[in-house]
Amino acid sequence: MLRSKLAKRRVWRRVFLERLTEPLHLNALSLLVLGFGSYRSKTAWDLVVRQPYAFGALEAADIALASGLSAVTLIEVGVASGGGLLNLASIADRVSNETGVRCEVHGFDSGAGMPAAVDYRDHPDLYQEGDFAMDEVALRAALPEGTKLHLGPLSSTIPRFLADASFSAPVGFVALDVDYWSSTVDALELLKGQPESYLPRTVVYVDDVALNEHNSAAGASLAIREFNEATPSRRLERHAFLEDRRIFRNAAWIKQTMFLHVLDHPRRAQPAVVHTKRHMENPYLGAPQPKELFHPRRPPGR
């Protein structure tokens, strides 16, 4: 898998722009992590295939654990030839082994390639009807057991999925890669289900916002703005300081990663109860003070 990716010129261009522009000592240390680190460490150091999927899946599993859950659902919308879905299935296994959280994997696609563009909002300057078709037979044969492929119009498959969604394995990560504005509008219906169908904070990777032609009046960016305007109880937004959490900060996927804040989720209304009250020390006071405790541990299931 890694060898086939390294054979592509665009991959080497990304390595040059994103990796070789980072500090030399970090790139040197990453070799140790590559050889001896855990999957979590390799994800933190961007040493895994499909980094945004690995970050999203691991983040979802961690949020699930903090929420007292033992399972989470990972989704790719826009499967095309299936490389991303196969990667996601492999990542799900690694994340489950790392965290103990069971990961269910689903892929959604029309199965027939891209439809005709509606108008300029679908970027006909970038895509054409029939692009990114799927070899369904070959892909189904390659998918691991348990990975579910939903084929057909998103306007049909997504409502069926939401009707059967499990609160015990809520959606924790979604990868959106459907290119068109109109298709992204349909895909974002996936985020309008019952609040318990999601983690309170769900990771969403948006692929189609990075080209020079992408803009706020077309494509995925327009669909997301319309989603936020029409759904006040759900906010799909970038975390402006996500790169500050990363060791390597030049990777483009960081800017393509968003969070769905499920504001009507029951956990959003729960007080932040902890074992011990938070306290901040004041170095300018001479009197004895309690030891600083700013991030106390929450009770299990909180």
Once a ≥ b ≥ c are taken as the square roots of the eigenvalues of the Cα gyration tensor of the stretch 25-83, is the result rounded (a/c under 1.5), prolate (a/b larger than b/c) or oblate (a/b not larger than b/c)? oblate
Can you tell me which of 78-85, 66-73, 206-213 comes out highest on packing, and rank the rest after it, using the mean Cβ neighbours within 10 Å? 78-85, 66-73, 206-213
Using only the Cα atoms of the chain, build the gyration tensor, take square roots of its eigenvalues as a ≥ b ≥ c, and label the shape rounded, prolate or oblate: rounded if a/c is under 1.5, else prolate if a/b is larger than b/c, else oblate. prolate
Please check which bits of the stretch 206-247 a label hung off Tyr120 would reach, taking the label as a point 7 Å along Cα-to-C-beta and the cut-off as backbone N under 20 Å. 209-226
Sequence order, the stretch 278-285: Karplus ³J(HN,Hα) from phi using 6.51 cos²θ - 1.76 cosθ + 1.60, θ = phi - 60°, Hz rounded, Gly and Pro as x, gives 5, 8, 10, 6, 10, x, 8, 9
Charge dipole of the chain built from unit charges on the beta carbon (Lys, Arg +1; Asp, Glu -1), centred at mean Cα; most positive-end Cα among Ser41, Ala252, Thr231 is Ser41
Counting DSSP beta bridges with both ends in the chain, the antiparallel % (nearest 5): 35 percent
If amide H atoms are modeled at 1.01 Å from N in the peptide plane, then the residues at a separation of 5 or more from Val105, or on another chain, having amide H under 5 Å from its own are Leu74, Lys148
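With r defined as the distance between the Cβ atoms of Glu136 and His279 and R0 fixed at 35 Å, what FRET efficiency is calculated, to the nearest 0.05?
Between Glu136 and His279 the formula returns 0.05.
Subtracting the Cα-Cα distance from 0.36 nm times the residue separation, let me have the gained length for Ser81 to Ser233 in nm, one decimal.
Result: 51.3 nm gained on full extension.
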Projected onto the charge dipole of the stretch 49-268 (unit charges on the beta-carbon of Lys, Arg, Asp and Glu, signs +1, +1, -1, -1), the Cα from Tyr205, Leu85, Gly172 with the largest positive-side position is that of Gly172
From the phi angles alone, apply the Karplus equation (6.51, -1.76, 1.60; θ = phi - 60°) to the stretch 52-58 and give each ³J(HN,Hα) in whole Hz, x where the residue is Gly or Pro. x, 5, 5, 4, x, 5, 5
Of the candidates His150, Val118, Gly286, the farthest towards the positive dipole end of the chain (Lys/Arg Cβ +1, Asp/Glu Cβ -1, centred on the Cα centre) is Gly286
Can you list residues whose amide H is under 5 Å from Val171's amide H, if they're 5+ apart or on another chain and H is modeled 1.01 Å from N? Thr73, Tyr198, Leu199
For Met258, residues with placed amide H under 5 Å, excluding near neighbours: Val204, Tyr205, Val206
The answer for the longest stretch of the chain without any exposed chymotrypsin sites (Phe, Trp or Tyr not before Pro) (DSSP loop, at most 14 further Cβ atoms within 10 Å) is 1-166
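When the helix-only estimate is applied to the chain (DSSP H runs of n ≥ 4, each -39,500 (n - 2.57), divided by the residue count), what is the mean residue ellipticity at 222 nm, nearest 500 deg cm²/dmol?
Rounded to the nearest 500, the figure is -10000 deg cm²/dmol.
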Taking every pair of alpha-carbon atoms in the stretch 79-184, give the share separated by more than 19 Å as a whole percent. 49 percent
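Dipole magnitude of the chain about its Cα centre, charges +1 at Lys/Arg Cβ and -1 at Asp/Glu Cβ only, in debye to the nearest 20?
Charge dipole, the chain, about its Cα centre: 1420 debye, nearest 20.
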Report the extension gain between Ala252 and Lys148 in nm, rounded to one decimal, defined as 0.36 nm multiplied by the number of residues separating them, less their alpha carbon distance. 34.6 nm
Provide the per-residue ³J(HN,Hα) series for the stretch 236-244, in order, calculated from phi with Karplus coefficients 6.51, -1.76, 1.60 and θ = phi - 60°, each as a whole number of Hz, with x at glycine and proline positions. 9, 9, 6, 8, 4, 10, 4, 4, 6
Roughly speaking, what is the centre-to-centre gap between the stretch 85-126 and the stretch 245-260 when only Cα atoms are used, to the nearest Å? 18 Å
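Going by the alpha-carbon gyration tensor, a ≥ b ≥ c the square roots of its eigenvalues, is the stretch 188-254 rounded (a/c under 1.5) or, if a/c is not under 1.5, prolate (a/b greater than b/c) versus oblate?
Details: a/c = 2.41, a/b = 1.22, b/c = 1.96.
It comes out oblate by the Cα gyration axes.
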With label points built 7 Å along Cα→Cβ from the Cα atoms of Arg160 and Arg13, find their separation and express it in nm. 3.9 nm
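None of the figures in this text is laboratory data; all of them are computed from the coordinates on show. None of the values given here were measured: they were computed from a predicted structure. As a convention, Cβ positions derive from the backbone with ideal geometry for all residues, glycine included, and neighbour counts pool all protein chains shown.
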